[in-house]
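Written out below as structure tokens is the structure these notes cover.
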Number of protein chains: 2
Amino acid sequence: MERLPGFRDFYPEPLPAKDAASFDLRNYIFSKWRETARNYGFREYDGPPLEALELYTTKSGAEILGQLYNFVDKGERAVAIRPEMTPTLARMMAAAERSYKKPIKWFALPQLFRYERQQKGRLREHFQLNADILGESDPAADAELIALLIDTLRSFGLTENDFVIRLSSRNAWQDFFAERNSDPGKAYEFFQVIDKMEREKPEVTGEKLRTLGINSEEVKTFVAGGAPTPELQTVLRHLASRKLDSFVRVDYNIIRGLAYYTGIVFEAFAKGSSMRAIAGGGRYNNLVKLISANKVDLPALGFGMGDVVLADLLLEKKLIPKLSAAIDAFVIIEDEALRDDSLALVQRLREANFSTEYALTPSKSDKQFKRASEMNASVLLRCTRAEGRLACALRDLRGGSQQEVTPEAVVDTVKSLLRNR
Amino acid sequence: MERLPGFRDFYPEPLPAKDAASFDLRNYIFSKWRETARNYGFREYDGPPLEALELYTTKSGAEILGQLYNFVDKGERAVAIRPEMTPTLARMMAAAERSYKKPIKWFALPQLFRYERQQKGRLREHFQLNADILGESDPAADAELIALLIDTLRSFGLTENDFVIRLSSRNAWQDFFAERNSDPGKAYEFFQVIDKMEREKPEVTGEKLRTLGINSEEVKTFVAGGAPTPELQTVLRHLASRKLDSFVRVDYNIIRGLAYYTGIVFEAFAKGSSMRAIAGGGRYNNLVKLISANKVDLPALGFGMGDVVLADLLLEKKLIPKLSAAIDAFVIIEDEALRDDSLALVQRLREANFSTEYALTPSKSDKQFKRASEMNASVLLRCTRAEGRLACALRDLRGGSQQEVTPEAVVDTVKSLLRNR
């Protein structure tokens, strides 16, 4: 039996098979995500991976249906496996924001699911760092969030030679549109055209703009001018105070595809020929209101960063460290008459929080040595009985030293050996 | 909009609402699970939460269908959200076991989903610690796995007054049945009767046994006798070497409901009136063979422990520690002219891996102090400019001391203050 196409198995370490993922690498990415978010004072939350379908259609319209894992459950509810985290966050906030002091700074590492039409190597799930600030409308919050995005990427060793944050404003585009078209109902259609502009032929974009009554030369001039709005100026100043301004540039080509953005929007791009988007986000001041049916009005902003694109970039830049499993101690059992004593020793080491291994069944010494070394054990222990007394030889596999210790002294000796690393 | 019944939102900290879960508590449970599994040399893996439906029906028969979140995806595949982890593990093993030295010791913390018929408070998802040993048929592996189960429960502060491992053997019951009924096809039906025996009226059990040609008095005698099989004797001896034998007792009332168990089986029970099962597992030597259509023959055993029952027990035993969020540093900004300098300081502290907070927008000093204290900050920083020079006051909120430092010395001073904790 096979796994479903577009899904990953996470074996503990990278396997030769090219389509297998590694839990160690996932864990490395998660640790960095968590560490940086916590340094920024963000708190972790999570929600259910299954939600009512309308939570997603309310926010994104029926257009999202084609990409959803949606079905009717045994209780006749229309449900969907989560394609993104923001609707869940908005729902949770609508229910409980009164319990929290503002601003609320939260992050989550959800696994997200989209039924993308079959393309070779295209995944149908990925993990995402989602970070959000709620309850603060000042652009200082936008600067704080963008700083987190930059420092998250930096924590992996990426520099300003590797990525850039393209900073833009839905407001600026909103104003641009309102001056040229009197039908606000057409604004989202216009945003979609701008969003696809970089990937489409100029003639196609030009034609679409024409039907909206917009002159494509004016669009070009607006993008080329790139004058930052007052909000964007505040963000740039706050980033400069942190010496992070060299990581950003105002770029009105960015507008973000999703319907619900309301203010500053941004995308992190890998530099170089591919210019892949690594992360993206922005303000969504009206979403909590929408989800709560007008009961809760909470300004908000956030970004998402996926693990697959990030891992590809780190691999390309040779920034994935050697992730090798290791244990603290391996207890060699050379004489089966000493198995019980050796098991007692294993137990004591584990109770002292040392990861400890041994051969479950009788096996030759050299095989046990080999296993200890494959497992990257730090210390090797071997007990013998002489004149009725148990004595243990403790070898430091990193330092190379060896010493005799009583079974009672083993834990303390291992402690002092490993603490000095 | 509401979340689906039977699902949990994980707010960072416990909320007043009684049906809300806490990410901090989940994280506490996960940390202990991971720590103990690693001490035992287990490596973490994961698989997709969505699998082909037949992965589950092959193993458990069509009877499982009523409890599954199953549907047909947009590519016409019959799929199900995972109700348990073992089939995924067996599938991964069938594909890649040749890359691994035996025994393979793996664990995972999957979220699992079952569509249980609506009962008040009954959940439809939970997280589980799944630990498995593959490639070793000796009962030494059973002892190692049961020791891990015991030490996992002990890591939460639970003692032999709180729980017991009831140890049994499918083999013993298999032999019992074979001596009395010549139709092996009826064995599973018999196991089901034994599995339900403790929860059913003796007359009902008696009647069911009678139709299988089994005398219920003989069943009673067999259970009461409880003579350990040679396998169970080995397990008991190995646990005694670790001084863990007081946590187990042979109890043939246990047989485990699932079809695929083949050898030793066990359940961890909370002591006291409720006698809830906290965890359960056993040998499933034929499952990998079944999933791989006879290509891979790998003896295996494992257990699962759910987070919901465990958390309830810890709560009842008052064993949940106070989980309070804390940050390292809070930078007070009293003079908006110093915001840029203060932001630079915040950035330096965060880059040195200290979780650091500040007020995003201008706010009164006492409000900022209050916020710092609510956030459990360890140190408080406040900068002033005198004669053109920036000076920072650093207050140790735990120790109570205060000192003046230059902005350049802040990081090192915070380091030495927090390192001495």
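Quick notes on this one:
- Looking only at region A:307-341, residues that are part of a helix (DSSP H, G or I) and either under 15 Å from the mean Cα position of the chain (by Cα) or more than 14 Å from every other protein chain (Cβ to nearest Cβ) (or both) come to 10 in all.
- In the set A:E357, A:E374, only one residue is under 41 Å from the mean Cα position of the chain (by Cα) and surrounded by fewer than 17 Cβ atoms within 10 Å (Cβ to Cβ); that residue is A:E374.
- Here A:V265 fulfils each of the conditions (1) touching an Asp or Glu at 6+ places or on another chain (Cβ under 9 Å); (2) crowded, with 21+ Cβ neighbours inside 10 Å; (3) more than 14 Å from every other protein chain (Cβ to nearest Cβ) apart from (1).
- Where B:Y56 falls short, out of the listed (1) without any contact (Cβ under 8 Å) to a residue 60 or more places away in the chain; (2) closer than 29 Å to A:G75 by Cβ; (3) in contact with a Phe, Trp or Tyr (Cβ under 9 Å, 6 or more places away or on another chain): (3)
- Test: residue in region B:239-256 that is of a type in the set (V, I, T) and either within 14 Å of chain A (Cβ to nearest Cβ) or more than 24 Å from the chain's Cα centre (by Cα) (or both): yes
- The residues in region A:364-375 that are outside any helix (DSSP H, G or I) and facing another protein chain (nearest Cβ under 9 Å) can be counted, and the count is 1.
- Contact map, region A:328-353: first residue farther than 23 Å from A:N420 by Cβ, second residue in a helix (DSSP H, G or I) and of a type outside the set (S, T, N, Q), Cβ cut-off under 6 Å, separation 6 or more or different chains; pairs are A:I333/A:R339.
- Filtering region B:342-353 to residues that are of a type in the set (D, E, K, R) and at the interface with chain A (Cβ under 7 Å from one of its Cβ atoms) leaves only B:R350.
- Every test in (1) basic (K, R); (2) touching a Ser or Thr at 6+ places or on another chain (Cβ under 8 Å); (3) more than 26 Å from A:L236 (Cβ to Cβ); (4) outside any loop (DSSP other than H, G, I, E, B) is passed by B:R398 save one, and that test is (4).
- Residue that is over 24 Å from A:K243 (Cα atoms) and either in contact with an Asp or Glu (Cβ under 6 Å, 6 or more places away or on another chain) or of a type in the set (A, V, I, L, M, F, W, C) (or both), where the choices are A:A108, A:A141: A:A108
- Filter result (assigned to a loop (DSSP other than H, G, I, E, B) and touching an Asp or Glu at 6+ places or on another chain (Cβ under 9 Å)) within region B:293-306: B:V296, B:L298, B:P299
- Residues of region A:170-226 satisfying the condition of being aromatic (F, W, Y) and more than 30 Å from the chain's Cα centre (by Cα): A:F176, A:F177, A:F190, A:F222
- Residue check for A:A391: touching a Leu at 6+ places or on another chain (Cβ under 9 Å), assigned by TED's automatic domain parsing to the domain that holds A:A359 and not hydroxyl-bearing (S, T, Y): no
- Residue match in region A:57-67 (condition: modelled with pLDDT under 90 and on the phi > 0 side of the Ramachandran plot): yes
- Flag set for B:E200, criterion: touching a Lys or Arg at 6+ places or on another chain (Cβ under 9 Å), of a type in the set (D, E), farther than 30 Å from A:A337 by Cβ and away from chain A (no Cβ under 14 Å).
- Scanning region B:277-292 for residues that are basic (K, R) and part of a helix (DSSP H, G or I) yields a count of 1.
- Screening A:T384 on (1) assigned to a strand (DSSP E or B); (2) buried (at least 16 other Cβ atoms within 10 Å of the Cβ); (3) more than 22 Å from the chain's Cα centre (by Cα) shows it passes everything except condition (2).
- Of the listed requirements (1) within 30 Å of B:E84 (Cβ to Cβ); (2) facing chain A (nearest Cβ under 9 Å); (3) of a type in the set (G, A, S), B:A300 misses just one: (2).
- Of the residues B:T361, B:T406, B:T356, the single one that is touching a residue at least 12 places away in the same chain (Cβ under 8 Å), within 10 Å of chain A (Cβ to nearest Cβ) and among the polar types (S, T, N, Q) is B:T356.
- If the condition is being at the interface with chain A (Cβ under 8 Å from one of its Cβ atoms) and at pLDDT 95 or above, then region B:13-35 contributes B:F23, B:R26, B:N27, B:E35.
- When region B:229-244 is filtered for residues that are of a type in the set (D, E, K, R), buried (at least 16 other Cβ atoms within 10 Å of the Cβ) and over 17 Å from B:L301 (Cβ atoms), the ones remaining, listed by number, are B:R237, B:R242.
- B:S246 being hydroxyl-bearing (S, T, Y) and over 30 Å from B:R98 (Cα atoms): yes
The values are calculated or read from the model by the stated rules, or taken from the named source; none is laboratory data. These numbers were taken from a predicted model, which means no experiment stands behind them. For neighbour counting, all protein chains shown are included, and Cβ atoms are generated from backbone atoms with ideal geometry for every residue, glycine included.
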